[in-house]
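The values are calculated or read from the model by the stated rules, or taken from the named source; none is laboratory data. Keep in mind that this is a model prediction, so the values were computed, not measured. Note: ideal-geometry Cβ built from the backbone for every residue, glycine included; neighbour counts use all protein chains shown. Accessible surface is based on the protein model in full, side chains and every heavy atom, while ligands, DNA and RNA are left aside. Shrake-Rupley method; radii C 1.70, N 1.55, O 1.52, S 1.80 Å.
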Amino acid sequence: MISRLEQMKLGALKELDLIAAAKELELWRVNYLGKKSELTKILRSLSSLSVEERRSVGATANRVRTELESRLTQKKCTLREVQLAAAAREEDVDVTLPGRPLLTGRLHPITETIYEVCEIFNSMGFQVTEGPDVEWNYYNFEALNIPDEHPARDVMSTSWVDIEADKDRGPMLLRTHTTSVTARVIESREPPIRVVEPGKVYRYEATDATHTPMFHQIDGLAIDKGITMADLKGTLYEFARRFFGEGRGVRFRCDYFPFVEPGVEMAIECLVCNGRGCRLCGNTGWIEILGAGMAHPQVLEHGDIDPETYSGFAFGMGIDRLPMLRYGIDDIRLFYSNDLRFLSQF
Ligand code: DAH
């Protein structure tokens, strides 16, 4: 039986040498190594042999099988190379050229902007904090000095959520600003507090070049003993310098927000006309980028922080506007239409 095996092997290898196509190679495999091959039959019948025979025939059969298998693998590689070379000749491609790089993903420009803004405030000691997108009336409005009948509710066209109202916190809505997170932080933390709160916000609005029903904001809050308007201005000047560059003019003007007193708006010199006046800035030379102010005593009291001991400043800005201004993008919808021709430029 041993010599039969050796003979079979020689025959198989001779045949293998002549094979030039993958299909023939497969037939060869089935014939010599497949379930119904002679080799498999011999291996299966080992149990019926005497112990001695079993040992010697078994060893030979296994050796033959290993050799045939390794020659089969070699042959597969050779055939593959021959095939590639033939294809290369036919198509005139150089198979030695480096492969095409795999496409890797990248961060969305809005995400990158959020990271960049957070990084700037991080370096000034502010921690990043997040809150829920679906929010209670209490944190979005009440705790921020915006009671039910307050006119400030009108400018925030709200998407209410159809679930049962809570007896203390009222109905639920998609938060209209990230200032809701400020209300939560004031309630749940002890001063000193320094946080920035990035996230998505929602308004019930029709979509156009400057409005989408979902966009992004980042709010900030600093509460400690002895915080003044000078801290607010110093921090926001530094942000503007780091984000928009060294020489960009910054302007503060009075503004009104129910949760701060006094309130301000901050504008930067227009990035298109550098302050001379153009279409983007409505000929004023300035572009408003955020609202801010000193935390209203009543808002602090909502969170059990004593306004006699502590003071603080808060600010909030739209994120989407920032890359629009920086790169001169004139339609906010481009961020959300998932067109790689646009997105892969950043
Ligand atoms: N929440 C305001 C808005 O969405 C922006 C804002 C203004 C946030 C003043 C603040 C602030 O924290 O102090 O228009």
Q. Of all the residues that make up the stretch 123-154, how many are touching a residue at least 24 places away in the same chain (Cβ under 8 Å) and part of a helix (DSSP H, G or I)?
A. 8
Q. What residue, of 39, 79, is in contact (Cβ under 8 Å) with a residue 12 or more places away in the chain, farther than 15 Å from residue 9 by Cβ and surrounded by 15 or more Cβ atoms within 10 Å (Cβ to Cβ)?
A. 79
Q: Could you tell me which numbered condition residue 182 fails, if it satisfies all but one of (1) outside any strand (DSSP E or B); (2) more than 13 Å from the ligand (Cβ to nearest atom)?
A: (2)
**Q.** Matching residues, the stretch 259-318, being farther than 25 Å from residue 216 by Cα, without any contact (Cβ under 8 Å) to a residue 24 or more places away in the chain and within 16 Å of the ligand (Cβ to nearest atom)
**A.** 307
(Q) Cβ-Cβ distance below 7 Å, separation of 6 or more or different chains: which pairs start in the stretch 1-27 with a residue that is under 15 Å from residue 37 (Cα atoms) and end on one that is of a type in the set (D, E, K, R) and open to solvent by 100 Å² or more (accessible area, probe 1.4 Å)? (A) 25/76
Q. For residue 88, which of the numbered conditions (1) within 44 Å of the chain's Cα centre (by Cα); (2) in contact (Cβ under 8 Å) with a residue 40 or more places away in the chain; (3) more than 30 Å from residue 326 (Cβ to Cβ); (4) open to solvent by less than 40 Å² (accessible area, probe 1.4 Å) fails to hold?
A. (2)
Q) In the stretch 199-225, how many residues are open to solvent by 60 Å² or more (accessible area, probe 1.4 Å) and either within 22 Å of residue 273 (Cα to Cα) or more than 23 Å from the chain's Cα centre (by Cα) (or both)? A) 7
Q) Looking at (1) away from the ligand (no atom under 13 Å from the Cβ); (2) over 25 Å from residue 297 (Cα atoms), which is the only condition residue 231 fails? A) (2)
(Q) Out of everything in the stretch 246-258 that is open to solvent by 60 Å² or more (accessible area, probe 1.4 Å) and not charged (D, E, K, R), what residue ends up being nearest to the ligand (Cβ to nearest atom)? (A) 256
Q | the stretch 329-338, residues that are β-branched (Val, Ile, Thr) and either at pLDDT 95 or above or more than 16 Å from the ligand (Cβ to nearest atom) (or both) | A | 329
**Q.** the stretch 319-328 - residue that is open to solvent by less than 20 Å² (accessible area, probe 1.4 Å) and more than 16 Å from the ligand (Cβ to nearest atom) and, of those, nearest to residue 107 (Cα to Cα)
**A.** 323
Q: Looking at (1) within 15 Å of the ligand (Cβ to nearest atom); (2) part of a helix (DSSP H, G or I); (3) touching a residue at least 40 places away in the same chain (Cβ under 8 Å), find the lone condition where residue 157 falls short.
A: (2)
Q. Out of all the residues in the stretch 174-198, which are of a type in the set (Ser, Thr, Tyr), surrounded by 24 or more Cβ atoms within 10 Å (Cβ to Cβ) and more than 18 Å from residue 161 (Cα to Cα)?
A. 179, 182
(Q) Is it the case, given these coordinates, that residue 104 is of a type in the set (Ser, Thr, Tyr) and within 31 Å of the chain's Cα centre (by Cα)? (A) yes
Q) If we scan the stretch 95-107, do we find a residue that is open to solvent by 60 Å² or more (accessible area, probe 1.4 Å), touching a Phe, Trp or Tyr at 6+ places or on another chain (Cβ under 8 Å) and not polar (S, T, N, Q)? A) yes
Q.
Could you go through the stretch 324-331 and let me know if any residue there is in a strand (DSSP E or B) and under 29 Å from residue 153 (Cα atoms).
A. no
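Matching residues to (1) open to solvent by less than 10 Å² (accessible area, probe 1.4 Å); (2) under 28 Å from the mean Cα position of the chain (by Cα):
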residue	(1), (2)
244	no, yes
260	yes, no
267	yes, no
277	no, no
291	no, yes
296	no, no
313	yes, no
317	yes, yes
Q. Any idea which residue in the stretch 42-76 is least open to solvent (accessible area, probe 1.4 Å), counting only those that are of a type in the set (A, V, I, L, M) and over 16 Å from residue 5 (Cα atoms)?
A. 72
